[in-house]
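Following: one structure in structure tokens, then a few remarks.
The values are calculated or read from the model by the stated rules, or taken from the named source; none is laboratory data. All of these numbers come straight from a predicted model, not from anything done at the bench. Here the Cβ positions follow ideal geometry from the backbone for every residue, glycine too, while neighbour counts run over all protein chains shown. Accessible surface areas use protein heavy atoms only, side chains included; no ligands, DNA or RNA. Shrake-Rupley method; radii C 1.70, N 1.55, O 1.52, S 1.80 Å.
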Amino acid sequence: MRRLLSRTGLLTGTVLIQALPALANAPEGGGAPDYSGVTGIYYTMIGAILAYGVYDTFFKKS
């Protein structure tokens, strides 16, 4: 259980670090907003879900 909480904390920290640039990407001069920071958060979350799926399928001991 302690290992799960450690990994969850690491994942939460990673997502928060990825979120900081998303907050700083305000549009300049009234142009379209820049979604590059949000895209990084989405890719990080999708990667974490896929990594857990691979772990659960192949490496988890029942």
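Side notes on the structure shown:
- Residues of region 42-62 satisfying the condition of being open to solvent by less than 100 Å² (accessible area, probe 1.4 Å) and either in contact with a Pro (Cβ under 8 Å, 6 or more places away or on another chain) or within 14 Å of Thr14 (Cα to Cα) (or both): Thr44, Met45, Ile46, Gly47, Ala48
Condition check ((1) modelled with pLDDT under 75; (2) in a helix (DSSP H, G or I); (3) in contact with a Lys or Arg (Cβ under 7 Å, 6 or more places away or on another chain); (4) on the phi > 0 side of the Ramachandran plot) across all residues:
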{"residue": "Leu5", "(1), (2), (3), (4)": "yes, yes, no, no"}
{"residue": "Pro27", "(1), (2), (3), (4)": "yes, no, no, no"}
{"residue": "Val38", "(1), (2), (3), (4)": "no, yes, no, no"}
{"residue": "Ile46", "(1), (2), (3), (4)": "no, yes, no, no"}
{"residue": "Tyr55", "(1), (2), (3), (4)": "no, yes, no, no"}
